[in-house]
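S.K.: Got a structure for you, written out below as C-alpha cells; questions coming shortly.
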Amino acid sequence: MTPQRLLLVGCGNMGYAMLQGWMKHSSSFSSITVVTPHSSSLKEFQNHHQISWFSSPEHLKSNFDVIVFAVKPYQLSDVLPHYRQYVDSKTIVISIAAGKTLEFYRSYFAPQTLFVRAMPNTPSIVSKGIILLISSIKLQGNSGNQVQEIMEVLGKIFWLEDEELFDKAASLSSCGPGYVFHLVECFEKAAIELGLEQEIAQKLSRELFVGCGAYLENTAESAQKLRDQVTSPKGMTEAALKVLMGSNFQEIINKTLRAAYERAKEIRKEG
C-alpha cells in the first residue's frame, strides 16, 4: 500500500491518542499534518520530522489522502467549511465526533465525498483500542484498504452498517474506558478504606484489571463461566458477590449505557 498523506484536525485527548498509535507505525504515512491551535498539544511529537503543525488551515498547501476530524461535535459546523478546498473525489473524510450522522457531513462536502464515522477509544494509544466504523458507501478496493490500514494499527476494528447500532455500540466501547477507569478508582478507594496503603491499593487495582483483561483475551470461556470458576461456595468471593449483585449493579450498568446512548441522540439534534 502506498504511504498516505494524513491530515489530523484537532489534537485533544482522543486525537493525541490516535496520533501516538499512528506514530508507532509511521511507515504507513508519507506525511502527517496536524492542525490544532497550540503545538504543545503534540507533546513529544512537536519537533518530529514527519509531522507538520499548523495553528489553522489557511496555510495548508496540498490535498490529502485522508482527513481525520478529531474535534468536539459542537465545533464541527464552524470547522468543516474551512476544509472543503482540501477534499477531492479521492479524499476519505473521517470524523470521530459522537452523535453526528453521515447525513450531517454530506451537507458540508460534495455529494461524491466518501465519509467514514469512526469511534475509537483511548487504549488506541497502546494499539489496544476498539474502533467502530461506518461509511457513507460500501468501501471497496483502495478506499477500503486505506481506512483499514489507518485504523487497524490502533486496535480491533468493528464495521457496522446501521447508525443507531453504531451509537449504541459506542455507548459501550467508546465511553467504556471511562467506566473501567472509574471502577479501578472505586477499588483503590475501597482498598484504602479497608486499611491498605495508597501505593499498594493502586498497584493491586490496576494489575487486577490488566490481568483479567489478558485472561479474557486468551480464553474462549464466557465471563460468567470465569466468574463461577473463582466463586467457591461459602468463600470470600461469594460473600463479596452477594453484596455486589444484590445492589442492583446490573441495572446501574444498564442505565449507564442508556444515558450515553441518549446523549448521542441529543447531539444529533444540536448544531
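S.K.: Across segment 63-96, which residue is nearest to Asp162 (Cα to Cα) among those that are free of Cβ contacts under 8 Å to residues at least 40 places away in the same chain and open to solvent by less than 10 Å² (accessible area, probe 1.4 Å)?
M.R.: Here the residue is Ser95.
S.K.: Out of segment 24-35, which residues are touching a strand residue (DSSP E or B) at 6+ places or on another chain (Cβ under 7 Å) and surrounded by 14 or more Cβ atoms within 10 Å (Cβ to Cβ)?
M.R.: Those that are touching a strand residue (DSSP E or B) at 6+ places or on another chain (Cβ under 7 Å) and surrounded by 14 or more Cβ atoms within 10 Å (Cβ to Cβ): Ser28, Phe29, Ser31, Ile32, Thr33, Val34, Val35.
S.K.: Given the conditions (1) within 22 Å of the chain's Cα centre (by Cα); (2) open to solvent by 20 Å² or more (accessible area, probe 1.4 Å); (3) within 19 Å of Gln146 (Cα to Cα); (4) of a type outside the set (S, T, N, Q), and given that Glu44 satisfies all but one, which numbered condition is not satisfied?
M.R.: (3)
S.K.: Now a separate question. Pairs under 6 Å by beta carbon, first residue under 23 Å from Lys168 (Cα atoms) in segment 101-114, partner of a type in the set (Asp, Glu) and at pLDDT 90 or above, six or more apart or different chains?
M.R.: Pairs that qualify, where the first residue is under 23 Å from Lys168 (Cα atoms) and the partner is of a type in the set (Asp, Glu) and at pLDDT 90 or above, are Thr101/Glu163.
S.K.: Follow-up question, since we're still on this one. Since Gly99 meets every condition but one in (1) on the phi > 0 side of the Ramachandran plot; (2) part of a strand (DSSP E or B), which condition does it not meet?
M.R.: Of (1) on the phi > 0 side of the Ramachandran plot; (2) part of a strand (DSSP E or B), only one is false for Gly99: (2).
S.K.: Of all residues in segment 213-236 being small (Gly, Ala, Ser) and either at positive phi or in a helix (DSSP H, G or I) (or both), which is surrounded by the most Cβ atoms within 10 Å (Cβ to Cβ)?
M.R.: Of everything passing the filter in segment 213-236, Gly213 is surrounded by the most Cβ atoms within 10 Å (Cβ to Cβ).
S.K.: Find the residue count for segment 131-190, including only residues that are touching a residue at least 24 places away in the same chain (Cβ under 8 Å), part of a loop (DSSP other than H, G, I, E, B) and of a type outside the set (Asp, Glu).
M.R.: Summing the residues that are touching a residue at least 24 places away in the same chain (Cβ under 8 Å), part of a loop (DSSP other than H, G, I, E, B) and of a type outside the set (Asp, Glu) in segment 131-190 gives 7.
The values are calculated or read from the model by the stated rules, or taken from the named source; none is laboratory data. From a predicted model like this one, the values you see are computed outputs, not experimental measurements. Neighbour counts run over all protein chains shown; Cβ positions are idealised from the backbone, glycine included. Protein only, heavy atoms only, side chains kept; ligands, DNA and RNA dropped before computing areas. Shrake-Rupley method; radii C 1.70, N 1.55, O 1.52, S 1.80 Å.
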